[in-house]
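Novice: First the structure, which I've put down as structure tokens, then a few questions once you've had a look.
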Amino acid sequence: MDLTKLQRVVIDALEDVKAQDIRVYDTTALTDLFDRVIIATGSSNRQTRSLAMSVKEDVNAKGGEVISVEGLETGEWVLVDCGDIVVHILQPALRAYYQLEGMWGAKPVRVKLAADKGLVKASEPEDDEE
């Protein structure tokens, strides 16, 4: 599966289970191991597990391959390795503490999210004060 299609499948799977604050980063200049990092927030252990399983099932159903899923035991931080894309699904406190955007966020990818009417830059928070 090509990178663009895989990225769309992952984002759609996260949105289906109501992931919050989805961000996508291009990591091709940072590592040869994968091309994208997707970071999302789940509000509870149950939701982070459900988000990870949604990604795994949808990627497999569309012909992609999930290499590994880590962190399902606690559900606080679940990592889904889809080869070219690594998905981090964290609860809000862990996401704020670890600040993965600082490590991977040098090159945000513009993606269209279902909740948005247009394109949103992955590293820019939405303006909720309108």
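Novice: For the full complex of protein chains and a 1.4 angstrom probe, list Asp16, Asp21 by accessible area with the highest value first.
Specialist: Details: Asp16 105, Asp21 75 Å².
The residues order as Asp16, Asp21, largest area first.
Novice: Quick one: accessible area per residue over the range 3-108, 1.4 Å probe, rounded to a whole number of Å²?
Specialist: Result: 49 Å² per residue.
Novice: Same structure, new question: Which residue, chosen from Asn45, Leu3, Trp104, occupies the Cα position most advanced towards the positive end of the dipole of the chain, where the dipole is computed from +1 (Lys, Arg) and -1 (Asp, Glu) charges on Cβ about the Cα centre?
Specialist: After comparing all options, I get Leu3.
Novice: Let me ask you something else. Just check the chain against the gyration tensor rule for me: Cα atoms, a ≥ b ≥ c as the square roots of the eigenvalues, rounded for a/c under 1.5, and otherwise prolate or oblate depending on whether a/b exceeds b/c. Spell out each step's value before the answer.
Specialist: Numbers: a/c = 1.25, a/b = 1.09, b/c = 1.15.
Rounded, since a/c falls under 1.5.
Novice: A further question on this structure: Can you tell me the relative contact order of the chain? Whole percent, Cα pairs under 8 Å, sequence separation 6 or more.
Specialist: On the way: 231 pairs, mean separation 34.8, N = 130.
Taking the mean separation of contacting Cα pairs over the length of the chain, I get 27 percent.
Novice: Just to make sure I understand: if all protein chains stay in place, what is the order of Met1, Met103 by accessible area at 1.4 Å, largest first?
Specialist: Order by accessible area, largest first: Met103, Met1.
Novice: With springs only between Cα atoms under 10 Å apart, run a GNM on the chain and tell me which of Lys56, Lys18, Lys112 wobbles the most.
Specialist: Looking only at Lys56, Lys18, Lys112, the biggest GNM fluctuation is shown by Lys112.
Novice: Ok, one more. Could you check which residue among Ala19, Ala96, Ala52 shows the biggest mean-square fluctuation in a GNM of the chain with a 10 Å Cα cutoff?
Specialist: Ala96
Novice: Moving on to the next point. Of Leu6, Leu33, which has the most accessible area with a 1.4 Å probe, and how do the rest follow in descending order?
Specialist: Working: Leu6 10, Leu33 140 Å².
Descending accessible area places them as Leu33, Leu6.
Novice: I've got another one for you. Using a 1.4 Å probe, how large is the accessible area of Ser50, given in Å² and rounded to the nearest 10?
Specialist: So the heavy atoms of Ser50 present about 50 Å² to solvent.
Novice: Just to confirm a number: summing +1 for Lys and Arg and -1 for Asp and Glu over residues other than Lys62 whose beta-carbon lies under 10 angstrom from that of Lys62, what do you get?
Specialist: On the way: positive: Lys5, Arg8; negative: Asp12, Glu57, Asp58.
Within the 10 Å Cβ shell, the charges total -1.
Novice: Suppose only helical runs count, i.e. DSSP H with n ≥ 4. What mean residue ellipticity at 222 nm does that imply for the chain under -39500 (n - 2.57) per run, divided by all residues and rounded to the nearest 500 deg cm²/dmol? Intermediate values should be presented prior to the final figure.
Specialist: Working: 4 runs with 43 residues, N = 130.
Counting only the DSSP helices, I get -10000 deg cm²/dmol.
The values are calculated or read from the model by the stated rules, or taken from the named source; none is laboratory data. Because the structure is predicted, anything quoted here is derived from the model rather than measured. Neighbour counts run over all protein chains shown; Cβ positions are idealised from the backbone, glycine included. Only protein heavy atoms, including side chains, enter the accessible area calculation; ligands, DNA and RNA are left aside. Shrake-Rupley method; radii C 1.70, N 1.55, O 1.52, S 1.80 Å.
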